Structures are given as structure tokens and as C-alpha cells.
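This report concerns only the one structure given below.
The values are calculated or read from the model by the stated rules, or taken from the named source; none is laboratory data. Keep in mind that this is a model prediction, so the values were computed, not measured. In this analysis, Cβ positions are derived from the backbone assuming ideal geometry, glycine residues included, and neighbour counts consider all displayed protein chains.
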Amino acid sequence: MYKSIIRSFLFKFDPEAVHYFTFDLIKIFFKIPFSARLVRSLFHVNHPNLERELFGLKFKNPVGLAAGFDKNALLYNELAHFGFGFIEVGTVTPKAQDGNPKKRLFRLKADNGLINRMGFNNAGLEALIARLKKNKNKVIIGGNIGKNNHTSADQYTEDYAQCFKALHPYVDYFVLNVSCPNVGSHAKLTDKDYLTELITEIKRLNSEFDIQKPILLKIAPDLNQLQLDEIITLVSETKIAGVIACNTSISRVGLKTPKTVLETIGMGGLSGQPIKSRSTEVIRYLSQKSQKAFPIIGVGGIHSAQDALEKIEAGADLVQIYTGFVYEGPALIKRINKALINRTN
């Protein structure tokens, strides 16, 4: 029903407007008595074989919602009813910002993909914390943090540090987003020396808390082999909890969408099915080259249970969905979890 009726209707309208319209509808729906119980009965799958324990956290299942979908923590309590094992909010920056000019989110229907150049639009740190204080503890929450677009290069670390310190009591793990192609001065954020400096400072701040939170690094699918080797070395040297592979891509190779349409869309990060294979390649390389030295959360092009299984077989310990959630609907979570149970039986 989702793909034939609901998606067909929603895809007639602007993607960004539909995103927030859908949020409003879900909010209204969950105000109806027993609605949460109904949704849980339809989508939740509980089984011991789904449980995972990584970096000190116990996940009910390995299927998460990637950052960017509920960046301002508007809907995470409601989304938890759909069967996610964890939900990542953000990317959040210290100050609220509008992001890039609209139109900035585009569907590639022929490719089952999206292109976005949102530019870290978010309501800011204070607004996010205010909403996370209403957490009903139904699901593990990750905090994806970044820098404001107009922050000078010498203040990047301070932006990340400010987010980390303020969010620490309200999230279960952190993700340093250094791989989004839609923010300025991207080059510094991929420099190994700077990443070492950034991670070292965040780890120092982490040590000041009684309970330390896992810190992960989110990387791009466009890194070459040398850069991936540097990531492996970086994780080994800094001893962070793990890696999320991958963010969106700047590549446009192999798309079915006409070149003229892509030129009209312009710059932005590509997600969905077109980056599935590359994301899996990155996961496999990191896992094999490091000899499974650290946990990997696999994301990128998961539109089916088989897609998720491929990521896990390549070396991912957990998976996240975003574009697949948009294209396939909430039943995708259940299908993946069911497939994982069958795989282990």
C-alpha cells in the first residue's frame, strides 16, 4: 500500500515540503489512542538473534535510521514505534542555520535515489536538546554533530566541542560528520592531521564525564584506497569506537537520470541505490584491511533486505537506512529484521 498509494501521492510534490508534511501527519496520527500499539504490532520484530552489543551499547536490532531524516529530533519518539534499533539525530551545529537556498532536495526516480544540498540546515543545539529532554527512552539515540557553515577554519574544533559537551547527557553515541559534501571548506575536514586533532580533543572532553560515550567517524564513499588506509590508521591511533560508511557521494557515474536533468539539479550529495555498490565496497575494504579491528555501521543504498544482508556480509555490524525508508516505507525495517532472523536460523 505504501508504494502504490501513499508514495505515489507524496511523490507528486516537492520532496522537502513533503518531508515536513509527513512529519506533521505522523505527529497527528500518534495522538490517536492506541495508535502507537497498532504501529508496533505491525512493524516491531523482537528476537534474540537480532540483538547486538557494540561499543558498550545493547541494540534490540541492527537496523537504524540515518542522520538527516530527523535532524531536529522532531519525531524520534514516534519513529521508534516503527521498529528501529537506533535513531541518529542531526547533523546539528551550535547555532541554528538555514542551510543552502531552496530548491535543495531532488528525487531521482529512475535511479531510486536522492540528491540533496541541504547544507546542514537545522534548528541549532539548544532546540535539539530541548526536544531530546522529552526522550521516552524507547530507542538508542545517536548524535550527529558538525560545524556551522560560516565558522572560520581555526574554530572548527570549537564547534564540534560545543555540540559534544552540550549533547553528552542526551545521546547514547556520537558521530563526527566530516564527510558531508554540502558544506564549505570541506577539504580540511578530510585531512588526516586535522581529524587526529579533532578526535583527540573530543576524546579529551569525553574523559571529563563520568560516563564516556562512543565516538564514531562518518566517512564519504568517494575516498580512494590511500584515504581509506588513512582512516584505518586514524581509528587505530585514536581508538575511537568505529566508522559509519558511508555518507552521500558527489559521483554521478552510471545514473539513468538524463544528463540534462542532472545538470539542472546541479551540486549535491547523491544517496540511495546508486551508491549501494560503492558503499558496500568501502565497508568490505575497511573490514578486511583492518582485520575487523573496529565496528562499522553500513549505510548507503539499502532498499531491500538483501541490500542490508550484503552490507553485513561485507563487514557491517549495524546498518542504517534513509533514502530506502523514503522509497520503500516503514515495512523495510521489518523485512530486514525478518531476513536477519532467517539468516541465523
Check your understanding: Only one of Leu309, Leu318 is hydrophobic (A, V, I, L, M, F, W, C) and touching a residue at least 60 places away in the same chain (Cβ under 8 Å); which?
Key -> Leu318
Review point. Just to be sure, is Val39 outside any loop (DSSP other than H, G, I, E, B), of a type outside the set (Ser, Thr, Tyr) and surrounded by 13 or more Cβ atoms within 10 Å (Cβ to Cβ)?
Key: yes
Practice item. Among what's in the range 105-157 and is in contact with a helix residue (DSSP H, G or I) (Cβ under 8 Å, 6 or more places away or on another chain) and polar (S, T, N, Q), pick the residue that is surrounded by the fewest Cβ atoms within 10 Å (Cβ to Cβ). Key: Asn135
Practice item. Filter the range 282-321 down to residues that are basic (Lys, Arg) and more than 21 Å from Gly56 (Cβ to Cβ) and give me whichever is surrounded by the most Cβ atoms within 10 Å (Cβ to Cβ). Key: Lys311
Check your understanding: Can you find even one residue in the range 59-68 that is surrounded by fewer than 18 Cβ atoms within 10 Å (Cβ to Cβ), assigned to a loop (DSSP other than H, G, I, E, B) and of a type in the set (Lys, Arg)?
Key -> no
Check your understanding: Going by the structure shown, is Lys102 at pLDDT below 95, surrounded by fewer than 20 Cβ atoms within 10 Å (Cβ to Cβ) and under 20 Å from Pro181 (Cα atoms)?
Key -> yes
Check your understanding: In the set Lys165, Lys147, which member is in contact (Cβ under 8 Å) with a residue 40 or more places away in the chain, assigned to a loop (DSSP other than H, G, I, E, B) and among the basic types (Lys, Arg)?
Key -> Lys147
Exercise for review: Looking only at the range 134-143, decide whether some residue is within 19 Å of Asn72 (Cβ to Cβ), touching a His at 6+ places or on another chain (Cβ under 8 Å) and assigned to a loop (DSSP other than H, G, I, E, B).
Suggested key: yes
**Study point:** Test set (1) assigned to a helix (DSSP H, G or I); (2) polar (S, T, N, Q); (3) at pLDDT below 95 - Asn77 fails condition number
**Key:** (3)
Check your understanding: Mind checking which residues of the range 327-338 are under 22 Å from Val282 (Cβ atoms) and surrounded by fewer than 24 Cβ atoms within 10 Å (Cβ to Cβ)?
Key -> Tyr327
Exercise for review: Being part of a loop (DSSP other than H, G, I, E, B) and without any contact (Cβ under 8 Å) to a residue 24 or more places away in the chain is the filter; apply it to the range 240-278 and report the residue that is nearest to the chain's Cα centre (by Cα).
Suggested key: Arg252
Study note, to complete from the structure: Of (1) farther than 30 Å from Val39 by Cα; (2) buried (at least 19 other Cβ atoms within 10 Å of the Cβ), Gly324 fails just (1)
Practice item. Considering each of Val183, Val178 in turn, give the residue that is in contact with a helix residue (DSSP H, G or I) (Cβ under 6 Å, 6 or more places away or on another chain), modelled with pLDDT under 95 and within 17 Å of Thr91 (Cα to Cα). Key: Val178
Revision key, fill the gap. Within the range 1-55, the residues that are polar (S, T, N, Q) and touching a residue at least 12 places away in the same chain (Cβ under 8 Å) are Thr22, Asn46, Asn49
**Study point:** Exclusive hit being in contact with an Asp or Glu (Cβ under 9 Å, 6 or more places away or on another chain), of a type in the set (Ser, Thr, Tyr) and in contact (Cβ under 8 Å) with a residue 24 or more places away in the chain, set Thr200, Thr196
**Key:** Thr196
